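Working notes, structure below.
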Amino acid sequence: MGKIKGTVTQLVNVRLDKPTVRAKRAPALPVGTVVEISHAIRGEMYKEVDMWYVLSNQTFVWSGAINASSETPFIEKKLIITADDIGVVDDIDMGAKVALRYGRINSIAVFVNRPGDTSGDYLKAWHDFLRSYERVGESRKLYDTTHVGLHFTITSGEPVSNPQGVDNLLNGKYFRKYTDFDTDYEREAFVDQIKAELDAQYEKFKTVFKRKPDHLTSHHDILTFNKPLFRHMQEWSQKNYVPLRTHKFLPSSKRFWYDTLVITDIDLPSIDKMNAWEEEFGSKVEGAQHTIVDHYGPLPPFAVINYLSQVKKKQEKLTEWLYDFLVSKDAEREIVIHLLKTTLRRQRDLVRHYKDLDTSYPGINIKHFDGRVAEYLSLEKGSPWKSDPSLALSPVVVRQVITA
């Protein structure tokens, strides 16, 4: 389809950052001006019309002042806001529960290998919470409005499967650290054990939550680190019809830290290479189209010194990303966040308070917990998707409910 033209029928302001009459203005367009339209989105209701055009120069114009073709594509913008690393740390989980109740998030990525929770009683309490509560102001239960995903791990805590069957992945009773990742993980013996552990975590998830995961991620993005693992993740996703939420949009900053400072024993694949692998394997499972994973948390080794400044920076960055989403032709994007609800603020106090995790659940870096606190405070200060008519939280499609 060619470029869509529209003609201005009444003097109208061009809005720079949002489809609202309260946004910053560019020079107004006089009657008769011909504009080039990318697509239409929902925006602020004005004179009983809430459709706005996104112009090719990435600005916004109220559609009531433009005569355009009926073939102009309308894109409903949906967001998935995922709280990561759920199921192990009580204060992380409490932050997610509060955020779910108040509509600040609509998705969680769950570990199923909490220390001492072999029977899954702690996770079953999560299931009961989702069944019992709803978002404030809504009637449907959180179980029906929350994307509940499996956060697969082979780099934190203990295995769910028999340790003797996954001994290549272990250092003692715990999984090897992701910094120990090397070319051994490309060997068939290693890949087969990873497959077995993924199946075990998947089965435990279904037992606890009574449904398939709404998405699959991997802790430390470990399943993107070599071709055999990447291939299995794609094939597993297709076989079980569980969307993947990884790889294409790993932030360059994160990959820089992995490449230069953390994982030195292998040459990590580029995003372009992984895109080529995905084309080769033919993954077609529908899921989020664009995942943002670097909104929160200062990069190591820096601590948060000024939370007010940090929260302000996060809000500004989030606003930039949301603008980029609106002017794009993506219908759905996901933001992955890391929450921690606590009264503690100083990094050294947080490290001291959560130091037992280093021995009970190695693989979550407690030195970054101040970044999680800043993230929680940022969402508490304001979640733009709650008040922006252009954005809506993506609905959940429960793929399979499992009955006893």
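Quick rundown of the values:
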{"read-out": "Value at 222 nm in deg cm²/dmol, rounded to 500, when DSSP H runs of n ≥ 4 in the chain each add -39,500 (n - 2.57)", "value": "-9500 deg cm²/dmol"}
{"read-out": "Between helix 121-132 and the chain: long-axis angle, C-alpha atoms, 0 to 90°, nearest 10", "value": "20 degrees"}
{"read-out": "Within a Gaussian network of the chain (alpha carbon springs, distance under 10 Å), most fluctuating of 316, 134, 197", "value": "316"}
{"read-out": "FRET efficiency, 1/(1 + (r/R0)^6) with R0 25 Å, evaluated for residue 203 and residue 360 via beta carbons", "value": "0.60"}
{"read-out": "Surface share of carbon and sulfur [accessible, 1.4 angstrom probe, percent] for the range 1-106", "value": "50 percent"}
{"read-out": "Note, ³J(HN,Hα) from phi for the range 62-72, Karplus 6.51, -1.76, 1.60, rounded to Hz, x at Gly and Pro", "value": "5, 5, x, 9, 10, 9, 10, 5, 5, 7, 4"}
{"read-out": "For residue 147, residues with placed amide H under 5 Å, excluding near neighbours", "value": "107, 108"}
{"read-out": "Residues residue 162 and residue 320, FRET efficiency given R0 of 45 Å [Cβ-Cβ distance, rounded to 0.05]", "value": "0.45"}
{"read-out": "Packing-based ranking, highest mean first, of 225-235, 135-145, 16-26, 174-184 given that Cβ atoms within 10 Å are counted", "value": "225-235, 174-184, 16-26, 135-145"}
{"read-out": "R0 of 25 Å, Cβ-Cβ distance residue 102-residue 348: FRET efficiency to nearest 0.05", "value": "0.25"}
{"read-out": "Nearest 10 degrees, 0 to 90: helix 227-240 Cα axis against the chain principal axis", "value": "70 degrees"}
{"read-out": "Amide H contacts of residue 337 (H built 1.01 Å from N, under 5 Å, at least 5 apart or other chain)", "value": "82, 83, 84"}
{"read-out": "Residues with amide H under 5 Å from that of residue 12, placed H, sequence gap 5 or more", "value": "29"}
{"read-out": "Using θ = phi - 60° and Karplus 6.51 cos²θ - 1.76 cosθ + 1.60, couplings along the range 304-317 (whole Hz; Gly, Pro as x)", "value": "7, 9, 10, 5, 4, 5, 5, 5, 4, 4, 5, 5, 5, 5"}
{"read-out": "Among the listed pairs 355/381; 173/227; 210/239; 206/367; 77/381; 97/367, those beyond 30 Å (Cα-Cα)", "value": "206/367"}
{"read-out": "The chain - accessible surface per residue (Å², probe 1.4 Å)", "value": "46 Å²"}
{"read-out": "Neighbour net charge for residue 4 - beta-carbon separation under 12 angstrom, K R +1, D E -1", "value": "0"}
{"read-out": "C-alpha long axis of helix 369-381 to longest principal axis of the chain, angle in °", "value": "30 degrees"}
{"read-out": "Inter-site label distance for residue 279 and residue 141 at 7 Å from Cα along Cβ, in nm", "value": "4.5 nm"}
{"read-out": "Difference of contour (0.36 nm per residue) and Cα-Cα distance, residue 125 to residue 171", "value": "13.5 nm"}
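The values are calculated or read from the model by the stated rules, or taken from the named source; none is laboratory data. This is a predicted model, so every value here is computed, not measured. Neighbour counts run over all protein chains shown; Cβ positions are idealised from the backbone, glycine included. Ligands, DNA and RNA are excluded from the accessible area calculation, which covers all protein heavy atoms including side chains. Shrake-Rupley method; radii C 1.70, N 1.55, O 1.52, S 1.80 Å.
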